[in-house]
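The values are calculated or read from the model by the stated rules, or taken from the named source; none is laboratory data. Because the structure is a prediction, the values reported are computed rather than measured. Here Cβ is always computed from backbone atoms with ideal geometry, including for glycine, and neighbour counts include all displayed protein chains. Areas reflect the complete protein model, heavy atoms only, side chains present, ligands, DNA and RNA absent. Shrake-Rupley method; radii C 1.70, N 1.55, O 1.52, S 1.80 Å.
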Amino acid sequence: MTPTAATPDAATAIDVSGLTRRYGAITAVDGLSFTVPRGQVVTVLGPNGAGKTTTLETLEGFAAPDAGSVRVLGLDPWRQSGALRPKIGVMLQAGGAHLSARAGEALSLVARCSANPLDTGWLLEVLGLGEVVGVPVRRLSGGQVQRLSLAMALVGRPELLILDEPTAGMDPQVRHLVWDLIRAARRDGMTVLLTTHLLDEAELLSDRILIIDHGRLLADGSPAELVAGSAPELTFAARPGLDLIELAGLLPADVTTAEPSPGHYRLTGQGISPDVLATVTAFCARNGVMPQRMHTGARSLDEVYLQLTGSQVRS
Ligand code: ATP
């Protein structure tokens, strides 16, 4: 065996290969494979029930894979959870602090388990929790519990931060604060794996985005890579039912026209040009229509996501 084959890859924080997890007849994660290099912020996107939390639980060592393998910081999270736990900071969807403990005590308890913790007073202030240090966790608001949970994940200066929907339900000011903390963690060399349902959050924070659905990987790339390669488009809103056959007759053959929902128009194709824009506005003027929210450019992450995962709402 060569020395490199025996040595865990020090540059890889997470290595998931063929991961499968089942709940009875439900296959929640279905042969998922991906890697996360150290120092990156990687976001897992997917509709409700896509398998994101189930995947994270396996990485955190809370459950064993039914098939496939998982390595986190070179360790097996299920069999070597004792060695892994001090190296990772985990923020659970449901919080994680004891309800009768006071916020400050709950954080100090976690800090005492760490060899080199951050200053808890500073961390509580930064997260806007300075006023509630002495308040029992059960009396905190949902957003405060979430911030406390993030503080608990960060306080031990982990090598890897795993955040399940860290900003769900937070108001915009707090959300910006959490984004700043995630960026600071990355600057300090931490690896961050998070889930979110907010595509703008994913786009702003991530070096890479993984889109999963039905437990399978659908796309993996930087935000720019995910939207690249798609044909340019021109979209606008106007009264429903414009004559698209007439409009299509005025445009180059490789530009397709559609009204995906009433009053929303989308033109797609490599032939989109300033001339096409002029033709569309002249067509609107002839029809006595003022186009609204006209936009030209590449597809947004939103569109890429909906195209991959479908636009139907999941139960
Ligand atoms: P969300 O965005 O809603 O948090 P998710 O992507 O995190 O969803 P998971 O929570 O991993 O999805 O769920 C994946 C699938 O496994 C779903 O079909 C879900 O109903 C099912 N599932 C999750 N946990 C359990 C459980 N404890 N018992 C049975 N089925 C479960």
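Gap in Å between the Cα centre of region 214-228 and the Cα centre of region 229-269? That distance is 26 Å. Between ALA282 and HIS214, the modelled labels are 4.7 nm apart [label points 7 Å from Cα along Cα→Cβ]. Of the solvent-accessible surface of region 45-124, computed with a 1.4 Å probe over protein heavy atoms with every protein chain present, carbon and sulfur atoms account for 52 percent.
Across the chain, Cα-Cα pairs farther apart than 26 Å form 56% of the total.
As a length-normalised measure over Cα pairs under 8 Å and 6 or more apart, the relative contact order of the chain settles at 19 percent. Annotation: TRP122 carries an accessible surface of approximately 130 Å², with a 1.4 Å probe and no ligand, DNA or RNA atoms counted. Stretched out straight at 0.36 nm per residue, the stretch from LEU118 to ALA11 would grow longer than its current Cα-Cα span by 36.0 nm.
Segment THR296..THR20, full-extension length gain: 95.3 nm, with 0.36 nm per residue of separation and the alpha-carbon distance subtracted. With a bin width of 5 angstrom, please list the P(r) values of region 233-315 as percents of all Cα-Cα pairs, from the 0 bin to the one holding the largest distance. The calculated distribution, bin by bin, is 3, 13, 25, 26, 16, 9, 5, 2, 1. The longest part of the chain holding none of the exposed loop trypsin sites (Lys or Arg not before Pro), meaning those outside H, G, I, E and B in DSSP with at most 14 other Cβ atoms within 10 Å, is 80-313. Working note: 222 nm ellipticity from helices only, DSSP H runs with n ≥ 4, each -39,500 (n - 2.57), summed and divided by the residues of the chain, gives -9000 deg cm²/dmol to the nearest 500. Averaged per residue, region 233-297 has 55 square angstrom of accessible surface, using a 1.4 angstrom probe with ligands and nucleic acids left out.
Spacing of the modelled spin labels on SER273 and PHE62, each 7 Å from Cα toward Cβ, amounts to 5.6 nm.
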